[in-house]
1. Looking at residue 7, is it open to solvent by 50 Å² or more (accessible area, probe 1.4 Å), at pLDDT below 90 and outside any helix (DSSP H, G or I)?
2. Of all residues being out of contact with any Ser or Thr (no Cβ under 7 Å at 6 or more places or on another chain) and open to solvent by less than 50 Å² (accessible area, probe 1.4 Å) in region 40-61, which is nearest to residue 12 (Cα to Cα)? Just the residue, please.
3. Identify all residues within region 74-87 that are loosely packed, with under 14 Cβ neighbours inside 10 Å and part of a helix (DSSP H, G or I); write none if there are none.
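The values are calculated or read from the model by the stated rules, or taken from the named source; none is laboratory data. What you see is a predicted model; the values in this text were computed from it and never measured. When we count neighbours, we look across all protein chains shown, and the Cβ atoms used for this are built from the backbone with ideal geometry, even at glycine. Protein only, heavy atoms only, side chains kept; ligands, DNA and RNA dropped before computing areas. Shrake-Rupley method; radii C 1.70, N 1.55, O 1.52, S 1.80 Å.
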Amino acid sequence: MTVTPHSDEARPGDGLVRAGGIVFIAGAVATLATMAPLFLDVDPFPSYAWAVCMLMGVGFAISAAGVLRSAAAQRKAARASQASSQA
């Protein structure tokens, strides 16, 4: 049986998921701001503004790393629990 932590306890990977979400949202806002001139018939932003849109992918990758870290910690806890119950 695995031990489920309380919802208010920080688990491994939670910080990465939160940080990834923030970076993703920043990238989404940058994407909306960069795309707006195309629809508003004004001069488009320079190319470095388009590079900021890549923060969406970076944020997704950071969050995915947090999820993988959390899964690894849960797997490790399950193995430890199983080993202690068999001993």
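1. yes
2. 59
3. 75, 76, 78, 79, 80, 81, 82, 83, 84, 85, 86
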